[in-house]
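Accompanying notes for the structure given below.
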Amino acid sequence: MRNEEDALVRGLLTGLAGFRWVAWAWLATVLLLTREELDVPLLAVGLAAAALAVTVLATLVLRDGPGRLLSPPLIAVEVAVAVALSIGDGVAYAGPHPQSLGSAWPLAGILTAGIAWAGRGGAAAGVLVGLGRLVGAVVEASGSGWQDDATISALSTIVLYALAGGIAGFATGKLREAERRISVVQAREEVARTLHDGVLQCLAVVQRRSGDPELARLARDQERELREYLFGTGVAVGGGDLGVRLRAAAAQFEDRYGASARVVVDADVAALAPQVVEALGGAVAEALANAGKHGSASRVTVYAAPDEERGGVLCSVKDDGVGFEHSTVTEGVGLQRSVRGRLAEVDGEVVVDGNPGHGAEVRLWVPA
């Protein structure tokens, strides 16, 4: 996880390193084009040299490790140069000029502060540099008088710099959080894959081959708890009480037949009326019982999701049992009354696919 965060920070700081060089090149261009308007040329050249020194230093430090570039002393130096550049701009020029020396380059220090110290740190650095710009504007206008448009310009600079630093910190925090979550999910998937191929398979073998009912029950309970820890209960937010009802039916099936059942409810499933939940849950419970009793299934998957074509909710109960041939098997009372009967009471529909030799699937549809 630490490596992913370091890679994220290195990527951001590498981008800022490129930005510093481009911004300094623009600073040098402005200095060259406006050299005739300079009142204190030595000061302007000195400020440009200081900005270049910070740019070179930041690039060299970045090669050794991004963490060092986020150290408080380095950030303080860069922000201080940015403030000096903002103030010195008003001193170096004899009067109003079309482009400030510190228009772009100071943003690098503000954004770096945001990356290091989150939104508040970035905003504080932005305000500090913006105030430097205000002081420079006051010095520049001391000879010609302060104008209202100068006030608006200075305040706009403070707000924009503060927003830039705050947004940089906020965005970096969100990116770090996303990296951590992705890392946790990846680590969990690796552990789940390893345990699924080892421990879970071993527990399943114990259930099937053990002649001790208590040992088989213990293995089944441990398998269920481990699956729920690794994969979750399979009940996503959005299904209301449906997920709870389906999970209870699956647990009863596992206890009664010693098989494994996984329940997955799509997050987009809307909350259903209580009578619809009860009807669908009861029908699923009967379908599971048929899978264990008649199909000799060892694994069953119950999946519920919105029906994109017709609306409502479509629920599938699919097992790995022996299946059956419709032409030679008559539907029993359980399927007729407990499945079809329940769904008919809520205007639902049932489709059964026997799929001989490859497990059966019962598809249940109910209106939302």
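Out of the residues in the stretch 86-131 that are more than 39 Å from the chain's Cα centre (by Cα) and part of a helix (DSSP H, G or I), state the one that is modelled with the lowest pLDDT.
Step one: list which residues in the stretch 86-131 are more than 39 Å from the chain's Cα centre (by Cα), which gives 87-101.
Imposing the further condition that a residue be part of a helix (DSSP H, G or I) reduces the set to 87-92.
Details: ILE87: 89, GLY88: 88, ASP89: 84, GLY90: 81, VAL91: 86, ALA92: 85.
The extreme case among them is GLY90.
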*Which of the residues spanning the stretch 136-156 are modelled with pLDDT under 65 and of a type in the set (A, V, I, L, M, F, W, C)?*
TRP146
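Does GLN252 fit the bill of being under 20 Å from GLU349 (Cβ atoms), at pLDDT 75 or above and polar (S, T, N, Q)? Please lay out each step first, then the result.
Working: under 20 Å from GLU349 (Cβ atoms): no; at pLDDT 75 or above: yes; polar (S, T, N, Q): yes.
For GLN252, the condition - under 20 Å from GLU349 (Cβ atoms), at pLDDT 75 or above and polar (S, T, N, Q) - is not met.
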_For a quick check of your reading of the model, give me the residue pairs whose first member lies in the stretch 163-185 and is within 18 Å of ARG10 (Cα to Cα), whose second is hydroxyl-bearing (Ser, Thr, Tyr), with beta-carbon atoms closer than 9 Å and at least 6 apart or on different chains._
ALA168/THR112
_Which numbered condition THR328 fails, given (1) modelled with pLDDT under 90; (2) under 41 Å from the mean Cα position of the chain (by Cα); (3) exposed (fewer than 13 other Cβ atoms within 10 Å of the Cβ)_ = (2)
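Every residue, every condition in (1) on the phi > 0 side of the Ramachandran plot; (2) touching a His at 6+ places or on another chain (Cβ under 8 Å); (3) among the hydrophobic types (A, V, I, L, M, F, W, C), yes or no:
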position	(1), (2), (3)
GLY15	no, no, no
GLU37	no, yes, no
ILE87	no, no, yes
SER103	no, no, no
ILE115	no, no, yes
*Do we find a residue being modelled with pLDDT under 90, in a strand (DSSP E or B) and crowded, with 21+ Cβ neighbours inside 10 Å anywhere in the stretch 270-288?*
no
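The values are calculated or read from the model by the stated rules, or taken from the named source; none is laboratory data. If you're wondering where the values come from, they're calculated on a predicted model, not measured in any experiment. Positions of Cβ are backbone-derived with ideal geometry, glycine not excepted, and every protein chain shown enters the neighbour counts.
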